[in-house]
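The values are calculated or read from the model by the stated rules, or taken from the named source; none is laboratory data. Owing to the predicted nature of the structure, the values given are computational and were not obtained by experimental measurement. Don't worry about glycine lacking a Cβ; one is built from the backbone with ideal geometry, like all the others, and counts go over all protein chains shown.
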Amino acid sequence: MRTLLIGAVLLAGLAGPACAEVVLRAVSWQLVSGAGSKPRGFKPIERWIQPPSGRLGAKPRALVTVVNRGPKPAEGVVLRYAVSARMTRVGSASEGVWTVPFFLNERRVPRVGPNQVKEVPLNDLVLAVFLKKSFRSGYWPDAFKIQVMVEPRAGEELAQRVMEQTLPVVAR
């Protein structure tokens with residue numbers, strides 16, 4: 001009986017969380033594939049080729065992968081994110097300087113089921129306006145950085161809830 005009790009206590013201690021636990025698995029960048037008025041979806045990119053101009057050639061977005069590691073569903077998950085740029089003068093070959101974030105927002109994920117992996121697209125990045133203003137002032141980004149976090153709830157840890165990803169911009 002005593003051995004059974006000790007075994008039950010050890011097993012309970014080794015078990016996963018008893019509630020929902022949503023963490024970030026990955027953040028990646030994507031670019032719309034297909035030109036004109038008929039986009040065909042998005043494809044993953046490692047760098048973005050965008051020459052300095054007042055027009056946006058293709059629209060990038062970020063894709064966040066969240067995981068609920070708990071046995072219960074998580075509802076009302078909030079992703080907060082900030083986008084910043086590394087700016088350099090137009091035509092300069094030197095590496096730019098990171099600026100403060102120019103875009104802050106949040107995205108609500110209504111439900112993430114137990115032990116479920118969910119991909120959440122962040123489509124509302126307002127890069128067109130930022131790039132137009134930057135080009136008019138003589139600057140152009142050589143990289144973008146997105147920082148994403150899952151808003152923690154009372155008693156939750158911050159480990160694996162904050163992540164960032166950089167997208168190099170090639171100006172040809």
- Task: Return the residue satisfying two criteria in turn: it lies in segment 127-158 and is without any contact (Cβ under 8 Å) to a residue 24 or more places away in the chain, in a loop (DSSP other than H, G, I, E, B) and not basic (Lys, Arg), and of such residues it is farthest from Glu106 (Cα to Cα).
- Result: Ser137
- Item | Single condition Arg108 does not satisfy, out of (1) exposed (fewer than 12 other Cβ atoms within 10 Å of the Cβ); (2) modelled with pLDDT under 95 | (2)
- Message: Which of the numbered conditions does Asp124 fail, given that it passes all the others? Conditions: (1) within 19 Å of Trp98 (Cα to Cα); (2) free of Cβ contacts under 8 Å to residues at least 60 places away in the same chain; (3) surrounded by fewer than 19 Cβ atoms within 10 Å (Cβ to Cβ).
- Response: (1)
- Message: Name the residue that is nearest to the chain's Cα centre (by Cα), counting only residues in segment 70-100 that are of a type in the set (Lys, Arg) and either within 29 Å of Leu158 (Cβ to Cβ) or surrounded by 18 or more Cβ atoms within 10 Å (Cβ to Cβ) (or both).
- Response: Arg80
- In the set Pro52, Pro39, Pro101, Pro71, which member is in a loop (DSSP other than H, G, I, E, B) and modelled with pLDDT of 95 or more? Pro101
- Restricting segment 139-170 to residues that are small (Gly, Ala, Ser) and modelled with pLDDT under 95, the residue that is farthest from Arg80 (Cα to Cα): Gly155
- Task: Consider Arg89 carefully, then state whether it is in contact with a Gly (Cβ under 8 Å, 6 or more places away or on another chain) and either within 25 Å of Leu56 (Cβ to Cβ) or at pLDDT 95 or above (or both).
- Result: yes
- Lone qualifier among Ala26, Ala82, Ala20, Ala62 - being of a type in the set (A, V, I, L, M, F, W, C) and in a loop (DSSP other than H, G, I, E, B): Ala20
